[in-house]
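Remarks on the structure that follows.
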Amino acid sequence: MSDTLKASSSPKAFGASRLTQAASARAMWGMFDRKERWSLSWRGRLILAFVVVLISVLGFRSLYPFLAITHRANANILVVEGWIHEYGIRAAVTEFRSSHYEHVFATGGPVVGSGGYINDFYTFASVGAELLKKCGVPDERLQMVPCRVMDRDRTYGSAVALRKWFGEQNMAVSAINVVTEDVHARRTRLLFQKALGDKVAVGVIAIPNPDYDAKRWWRYSAGLKEVVSEAAAYAYARLLFYPSASSQ
(Lines give C-alpha, C1' and ligand atoms only; values in the text may rest on other atoms or scores of the structure.)
Protein backbone atom coordinates (compact mmCIF):
# COMPACT_ATOMS: atom_id res chain seq x y z
CA MET A 1 0.00 0.00 0.00
CA SER A 2 1.49 3.37 -1.00
CA ASP A 3 2.09 6.25 1.39
CA THR A 4 -0.52 8.34 -0.43
CA LEU A 5 -3.20 5.68 -0.02
CA LYS A 6 -2.31 5.26 3.63
CA ALA A 7 -2.56 9.00 4.17
CA SER A 8 -5.98 9.21 2.52
CA SER A 9 -7.32 6.30 4.51
CA SER A 10 -6.12 7.57 7.85
CA PRO A 11 -8.71 8.90 10.36
CA LYS A 12 -7.30 12.41 10.09
CA ALA A 13 -7.59 12.43 6.31
CA PHE A 14 -11.17 11.06 6.49
CA GLY A 15 -12.17 13.73 9.00
CA ALA A 16 -10.66 16.47 6.89
CA SER A 17 -12.59 15.19 3.86
CA ARG A 18 -15.87 15.30 5.78
CA LEU A 19 -15.17 18.86 6.91
CA THR A 20 -14.42 19.89 3.33
CA GLN A 21 -17.71 18.36 2.10
CA ALA A 22 -19.69 20.02 4.91
CA ALA A 23 -18.13 23.37 4.08
CA SER A 24 -18.97 22.99 0.38
CA ALA A 25 -22.60 22.14 1.25
CA ARG A 26 -23.08 25.52 2.92
CA ALA A 27 -23.36 28.98 1.47
CA MET A 28 -23.79 32.56 2.65
CA TRP A 29 -21.77 32.01 5.79
CA GLY A 30 -23.75 28.93 6.74
CA MET A 31 -27.22 30.43 6.26
CA PHE A 32 -28.10 27.86 3.57
CA ASP A 33 -27.51 24.10 3.54
CA ARG A 34 -27.43 21.88 0.49
CA LYS A 35 -28.95 18.45 1.16
CA GLU A 36 -29.96 15.48 -0.92
CA ARG A 37 -33.69 14.85 -1.29
CA TRP A 38 -36.11 12.49 -3.00
CA SER A 39 -38.33 13.82 -5.81
CA LEU A 40 -40.93 12.36 -8.11
CA SER A 41 -39.76 10.97 -11.42
CA TRP A 42 -41.78 11.58 -14.61
CA ARG A 43 -43.49 8.25 -14.04
CA GLY A 44 -44.36 9.18 -10.46
CA ARG A 45 -45.73 12.54 -11.56
CA LEU A 46 -47.86 10.87 -14.21
CA ILE A 47 -49.32 8.41 -11.70
CA LEU A 48 -49.99 11.20 -9.18
CA ALA A 49 -51.71 13.34 -11.82
CA PHE A 50 -53.88 10.40 -12.85
CA VAL A 51 -54.93 9.74 -9.23
CA VAL A 52 -55.75 13.43 -8.66
CA VAL A 53 -57.84 13.62 -11.84
CA LEU A 54 -59.66 10.39 -10.97
CA ILE A 55 -60.51 11.57 -7.46
CA SER A 56 -61.64 14.96 -8.82
CA VAL A 57 -63.94 13.39 -11.41
CA LEU A 58 -65.47 10.98 -8.90
CA GLY A 59 -65.94 13.76 -6.36
CA PHE A 60 -67.45 16.10 -8.94
CA ARG A 61 -69.95 13.50 -10.15
CA SER A 62 -70.98 12.61 -6.59
CA LEU A 63 -71.86 16.21 -5.68
CA TYR A 64 -75.50 15.93 -6.72
CA PRO A 65 -76.37 12.77 -4.73
CA PHE A 66 -74.49 14.20 -1.75
CA LEU A 67 -76.47 17.46 -1.77
CA ALA A 68 -79.86 16.14 -2.92
CA ILE A 69 -80.31 13.84 0.04
CA THR A 70 -83.66 12.31 1.00
CA HIS A 71 -83.85 10.94 4.52
CA ARG A 72 -87.27 10.79 6.16
CA ALA A 73 -87.79 10.92 9.90
CA ASN A 74 -90.65 9.14 11.63
CA ALA A 75 -92.76 12.30 11.80
CA ASN A 76 -96.38 13.38 11.57
CA ILE A 77 -95.44 16.97 10.68
CA LEU A 78 -94.60 17.99 7.13
CA VAL A 79 -92.82 21.29 6.53
CA VAL A 80 -92.76 22.77 3.01
CA GLU A 81 -90.39 25.56 2.07
CA GLY A 82 -92.71 28.02 0.40
CA TRP A 83 -90.19 29.31 -2.15
CA ILE A 84 -90.00 26.01 -4.08
CA HIS A 85 -91.48 25.73 -7.58
CA GLU A 86 -94.91 24.30 -8.30
CA TYR A 87 -93.51 20.88 -9.20
CA GLY A 88 -92.11 20.79 -5.65
CA ILE A 89 -95.47 21.83 -4.20
CA ARG A 90 -97.23 19.04 -6.12
CA ALA A 91 -94.66 16.55 -4.86
CA ALA A 92 -95.21 17.80 -1.30
CA VAL A 93 -98.96 17.20 -1.64
CA THR A 94 -98.26 13.67 -2.91
CA GLU A 95 -96.01 13.13 0.11
CA PHE A 96 -98.77 14.40 2.42
CA ARG A 97 -101.38 12.09 0.94
CA SER A 98 -99.15 9.03 0.92
CA SER A 99 -98.25 9.16 4.61
CA HIS A 100 -99.74 9.80 8.03
CA TYR A 101 -99.04 13.51 8.38
CA GLU A 102 -101.37 15.42 10.69
CA HIS A 103 -100.04 18.94 10.03
CA VAL A 104 -98.50 20.75 7.06
CA PHE A 105 -96.52 23.95 7.62
CA ALA A 106 -95.48 26.38 4.87
CA THR A 107 -92.43 28.46 5.75
CA GLY A 108 -90.56 31.32 4.14
CA GLY A 109 -89.60 34.95 4.34
CA PRO A 110 -90.41 38.02 2.21
CA VAL A 111 -90.89 37.35 -1.49
CA VAL A 112 -88.11 38.37 -3.85
CA GLY A 113 -88.55 41.90 -5.20
CA SER A 114 -90.60 43.17 -2.26
CA GLY A 115 -87.67 45.08 -0.80
CA GLY A 116 -88.10 43.46 2.60
CA TYR A 117 -90.89 42.49 4.95
CA ILE A 118 -94.22 44.20 4.24
CA ASN A 119 -96.74 41.86 5.84
CA ASP A 120 -97.30 38.12 6.24
CA PHE A 121 -99.11 37.83 2.90
CA TYR A 122 -96.04 39.04 0.99
CA THR A 123 -93.98 36.07 2.15
CA PHE A 124 -93.11 32.75 0.59
CA ALA A 125 -94.93 31.11 3.49
CA SER A 126 -98.18 32.66 2.27
CA VAL A 127 -97.42 31.85 -1.39
CA GLY A 128 -96.59 28.25 -0.53
CA ALA A 129 -99.67 27.84 1.64
CA GLU A 130 -101.94 29.09 -1.15
CA LEU A 131 -100.39 26.66 -3.63
CA LEU A 132 -100.68 23.78 -1.18
CA LYS A 133 -104.33 24.62 -0.60
CA LYS A 134 -104.92 24.86 -4.34
CA CYS A 135 -103.36 21.41 -4.82
CA GLY A 136 -105.62 19.80 -2.25
CA VAL A 137 -104.23 20.17 1.28
CA PRO A 138 -107.22 20.81 3.58
CA ASP A 139 -107.35 24.10 5.51
CA GLU A 140 -107.58 22.42 8.89
CA ARG A 141 -104.27 20.65 8.30
CA LEU A 142 -102.43 23.64 6.83
CA GLN A 143 -100.62 26.44 8.64
CA MET A 144 -98.39 29.15 7.24
CA VAL A 145 -95.48 30.31 9.40
CA PRO A 146 -94.01 33.49 7.86
CA CYS A 147 -90.55 34.82 8.61
CA ARG A 148 -89.56 38.48 8.52
CA VAL A 149 -85.90 37.86 7.75
CA MET A 150 -84.59 38.71 4.28
CA ASP A 151 -80.82 38.31 4.39
CA ARG A 152 -78.19 35.58 4.25
CA ASP A 153 -80.03 33.53 6.92
CA ARG A 154 -83.32 32.97 5.08
CA THR A 155 -83.51 29.20 5.57
CA TYR A 156 -82.28 29.41 9.14
CA GLY A 157 -84.62 32.32 9.85
CA SER A 158 -87.58 30.31 8.55
CA ALA A 159 -86.63 27.43 10.84
CA VAL A 160 -86.35 29.81 13.82
CA ALA A 161 -89.81 31.22 13.03
CA LEU A 162 -91.18 27.68 13.01
CA ARG A 163 -89.50 26.92 16.33
CA LYS A 164 -91.05 30.04 17.85
CA TRP A 165 -94.48 29.09 16.51
CA PHE A 166 -94.19 25.66 18.14
CA GLY A 167 -93.27 27.35 21.42
CA GLU A 168 -96.11 29.89 21.27
CA GLN A 169 -98.63 27.11 20.62
CA ASN A 170 -97.13 24.86 23.31
CA MET A 171 -96.79 22.20 20.65
CA ALA A 172 -94.45 19.34 21.59
CA VAL A 173 -92.55 18.27 18.48
CA SER A 174 -90.13 15.36 18.31
CA ALA A 175 -89.67 15.06 14.53
CA ILE A 176 -90.43 16.82 11.25
CA ASN A 177 -89.89 16.17 7.55
CA VAL A 178 -88.97 19.13 5.32
CA VAL A 179 -89.75 19.23 1.61
CA THR A 180 -87.35 21.27 -0.50
CA GLU A 181 -85.75 21.29 -3.94
CA ASP A 182 -83.05 18.77 -4.87
CA VAL A 183 -79.57 20.14 -4.11
CA HIS A 184 -80.84 22.47 -1.39
CA ALA A 185 -81.80 19.48 0.76
CA ARG A 186 -78.61 18.87 2.72
CA ARG A 187 -78.22 22.54 3.64
CA THR A 188 -81.90 22.74 4.59
CA ARG A 189 -81.56 19.81 6.97
CA LEU A 190 -78.39 21.27 8.49
CA LEU A 191 -79.92 24.70 9.18
CA PHE A 192 -83.26 23.37 10.43
CA GLN A 193 -81.38 21.08 12.79
CA LYS A 194 -79.32 24.03 14.08
CA ALA A 195 -82.49 26.05 14.69
CA LEU A 196 -84.63 23.30 16.24
CA GLY A 197 -81.92 21.62 18.30
CA ASP A 198 -80.86 18.05 18.82
CA LYS A 199 -84.13 17.02 20.52
CA VAL A 200 -86.04 17.30 17.23
CA ALA A 201 -85.29 14.79 14.48
CA VAL A 202 -85.16 16.59 11.13
CA GLY A 203 -85.84 14.56 8.01
CA VAL A 204 -85.59 15.99 4.52
CA ILE A 205 -87.17 15.16 1.17
CA ALA A 206 -85.41 16.38 -1.97
CA ILE A 207 -87.63 16.96 -5.00
CA PRO A 208 -85.65 16.56 -8.26
CA ASN A 209 -85.70 19.33 -10.84
CA PRO A 210 -87.50 18.08 -13.98
CA ASP A 211 -85.54 20.49 -16.19
CA TYR A 212 -82.38 18.34 -16.20
CA ASP A 213 -81.29 14.76 -15.73
CA ALA A 214 -79.96 14.35 -12.19
CA LYS A 215 -77.58 11.59 -13.32
CA ARG A 216 -75.96 13.89 -15.89
CA TRP A 217 -76.47 17.24 -14.24
CA TRP A 218 -73.11 18.63 -15.45
CA ARG A 219 -74.34 18.56 -19.05
CA TYR A 220 -77.01 21.19 -18.35
CA SER A 221 -76.37 24.84 -17.57
CA ALA A 222 -79.14 24.87 -14.95
CA GLY A 223 -77.80 21.74 -13.29
CA LEU A 224 -74.21 22.98 -13.27
CA LYS A 225 -75.20 26.35 -11.86
CA GLU A 226 -77.39 24.88 -9.12
CA VAL A 227 -75.00 22.16 -8.00
CA VAL A 228 -71.86 24.31 -7.92
CA SER A 229 -73.53 27.26 -6.17
CA GLU A 230 -75.27 25.02 -3.64
CA ALA A 231 -72.05 23.12 -2.92
CA ALA A 232 -70.41 26.45 -2.05
CA ALA A 233 -73.41 27.49 0.05
CA TYR A 234 -73.37 24.21 1.95
CA ALA A 235 -69.64 24.55 2.64
CA TYR A 236 -70.29 28.04 4.00
CA ALA A 237 -73.18 26.82 6.17
CA ARG A 238 -71.12 23.93 7.49
CA LEU A 239 -67.86 25.79 8.15
CA LEU A 240 -68.53 29.52 8.50
CA PHE A 241 -72.21 30.02 9.33
CA TYR A 242 -73.25 31.82 12.49
CA PRO A 243 -76.76 33.21 13.12
CA SER A 244 -77.21 36.93 12.65
CA ALA A 245 -79.14 39.00 15.17
CA SER A 246 -82.03 39.50 12.72
CA SER A 247 -82.52 35.77 12.18
CA GLN A 248 -82.91 35.23 15.89
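Structural remarks
- With every protein chain in place and a 1.4 angstrom probe, the accessible-area ranking of 184, 71, largest first, reads 71, 184.
- Subtracting the Cα-Cα distance of residue 35 and residue 71 from 0.36 nm times their residue separation leaves 7.4 nm of extension gain.
- Largest to smallest accessible area among 219, 37 [probe 1.4 Å]: 37, 219
- Viscosity 1.567 mPa s, 4 °C: Kirkwood-radius Stokes-Einstein D of the stretch 199-248 over Cα pairs, µm²/s: 97 µm²/s
- Taken about its Cα centre, the stretch 155-248 carries a charge dipole of about 240 debye when Lys and Arg each add +1 at the Cβ and Asp and Glu each add -1 at the Cβ.
- Taking 25 °C and 0.890 mPa s as conditions, the stretch 133-234 diffuses translationally at an estimated 160 µm²/s according to Stokes-Einstein applied to its Kirkwood radius (Cα pairs).
- Once all protein chains are placed together, residue 33 keeps about 100 Å² accessible to a 1.4 angstrom probe.
- Sites residue 130 and residue 170 - FRET efficiency at Förster radius 22 Å, r taken between beta-carbons, to 0.05: 0.20
- Annotation for the stretch 166-230 versus the stretch 87-144: alpha-carbon center distance of 15 Å.
- The heavy atoms of residue 173 offer some 30 square angstrom of accessible surface to a 1.4 angstrom probe.
- Residue separation of residue 139 and residue 62 scaled by 0.36 nm, minus their Cα-Cα distance, works out to 23.7 nm of gained length.
- For residue 122, the accessible surface of its heavy atoms amounts to roughly 120 Å² (probe 1.4 Å, protein chains only, rounded to the nearest 10).
- Carbon + sulfur, % of accessible area of the stretch 52-155 - ligands and nucleic acids excluded, 1.4 Å: 57 percent
- Accessible surface ranking that places the most exposed of 236, 101, 242 first, with a 1.4 angstrom probe: 242, 236, 101
The values are calculated or read from the model by the stated rules, or taken from the named source; none is laboratory data. All of these numbers come straight from a predicted model, not from anything done at the bench. All Cβ positions, glycine included, derive from the backbone under ideal geometry; neighbour counts span all protein chains shown. Ligands, DNA and RNA are stripped out before the accessible areas are found, and what is left, the full protein with its side chains, is counted by its heavy atoms. Shrake-Rupley method; radii C 1.70, N 1.55, O 1.52, S 1.80 Å.
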